[in-house]
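Since the structure comes first, as structure tokens, the remarks are kept for the end.
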Amino acid sequence: MKVTNFYSPNFNRKKRPEKSIKIMIIHYTGMQSERESIKRLCNPISKLSSHYLINQKGKIIRLVQDKYVAWHAGKSCWGRYKSLNENSIGIELVNKGHQFGYTNFKKKQILSLVKLGKRLIKKYKINKKNIVGHSDIAPLRKIDPGEKFPWKYLAKKRVGIWHDYEPNFLKKFRRTKVLAKQDKKRFVKNLNRVGYCFSTKKKLFFIKTIKAFQRHFRKELINGILDQECLIIAQNLTKKL
Ligand SMILES: [Zn+2]
């Protein structure tokens, strides 16, 4: 696997221990071009960076070395981890994003991501449930890498987790809202086990977290409403942990 080195000044100068790396966070760049994205991720004024950037041809560019904390996650939470920059590797995929014309990720790009992901999982013993999108860890602020990101394919390649269920069986459940309190409780508990941090007390946060979950695991319908299908998927996911 070829990695090209580039340099971003946007990282903490203090080295971190290898064992602090627990999570892999996937982003899209959300900018007009690859050039602009790299410029921004390397501009000291932006205070943004990631460890890697993968362009649409599948070229992997290292911007910050793994042993340093890069600045890509912002205010975030996953499992028992908070402010995830400290505990994660950030990977940016070049894609214009929802703002400038969201497109499918390129095959070569995803193949490179799988290779890189496998290497990182092995090197840092990253738990597969900790391979997440920016939206999963910061649902109030972020929607990247978005619903076009092929999570299912990645999981098939053993980079991440996925559920197994019969879509036809579940279709009839799709729009049936979950009303029972204990079902809702069970759903939250299951998603907490996967890693989602959420509170049922803050309504907006609850809706946005459901959206993040749907964007990742049930992209066919992203509406922030807890329905029977979400319930079943969440339960199924816990079997994969
Ligand atoms: Zn992001």
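Tabulated data for the structure shown
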read-out: Cα→Cβ-extended label distance, 7 Å offset, between Tyr165 and Lys96, nm; value: 3.4 nm
read-out: Taking the chain and dividing mean pair separation by its residue count, relative contact order in percent (alpha carbons under 8 Å, at least six apart); value: 20 percent
read-out: Acute angle (nearest 10 degrees) that the helix 107-124 long axis makes with the longest principal axis of the chain, alpha-carbon atoms; value: 90 degrees
read-out: The stretch 204-241 versus the stretch 67-129: alpha-carbon centroid distance in Å; value: 20 Å
read-out: Accessible area of the chain belonging to carbon and sulfur atoms, whole % at 1.4 Å probe; value: 52 percent
read-out: Convex hull volume of the stretch 78-128 per residue (C-alpha atoms, cubic angstrom); value: 111 Å³
read-out: Calculated P(r) of the stretch 80-200 - Cα pairs past 24 Å, %; value: 38 percent
read-out: Percent RCO, i.e. relative contact order, over the stretch 6-79, from Cα pairs under 8 Å lying at least 6 residues apart; value: 42 percent
read-out: Rg(Cα) / (2.2 N^0.38 Å) computed for the stretch 1-112, rounded to two decimals; value: 1.03
read-out: The chain: angle of helix 203-217 to the longest principal axis, Cα-based, in degrees nearest 10; value: 70 degrees
read-out: Residues of type aspartates and glutamates that Lys96 reaches as a straight line, Cα spacing below 17 Å, ignoring anything fewer than 8 places off in the same chain; value: Glu34, Glu36, Asp144, Glu147
read-out: Solvent exposure of the chain as accessible area per residue, Å², 1.4 Å probe; value: 53 Å²
read-out: Given Lys82/Lys185; Lys156/Lys201; Lys82/Lys208; Lys125/Lys201, the pairs whose alpha carbons are separated by over 25 Å; value: Lys156/Lys201; Lys125/Lys201
read-out: Spacing of the two label points (7 Å from each Cα toward its C-beta) at Arg35 and Tyr153, in nm; value: 2.8 nm
read-out: Square roots of 5 times each gyration tensor eigenvalue, C-alpha, the stretch 55-101, largest first, Å; value: 23, 16, 8
read-out: Heavy atoms of Glu18 accessible to a 1.4 Å probe, total area in Å² rounded to 10; value: 110 Å²
read-out: Mean projected area in nm² (Cα convex hull; one quarter of hull surface) for the chain; value: 12.7 nm²
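The values are calculated or read from the model by the stated rules, or taken from the named source; none is laboratory data. Keep in mind that what you see is a predicted model, and the values were worked out from it rather than measured. Ideal geometry is used to build each Cβ from the backbone, glycine not excepted, and the neighbour counts take in all protein chains shown. Heavy atoms of the whole protein, side chains included, go into the accessibility calculation; ligands, DNA and RNA do not. Shrake-Rupley method; radii C 1.70, N 1.55, O 1.52, S 1.80 Å.
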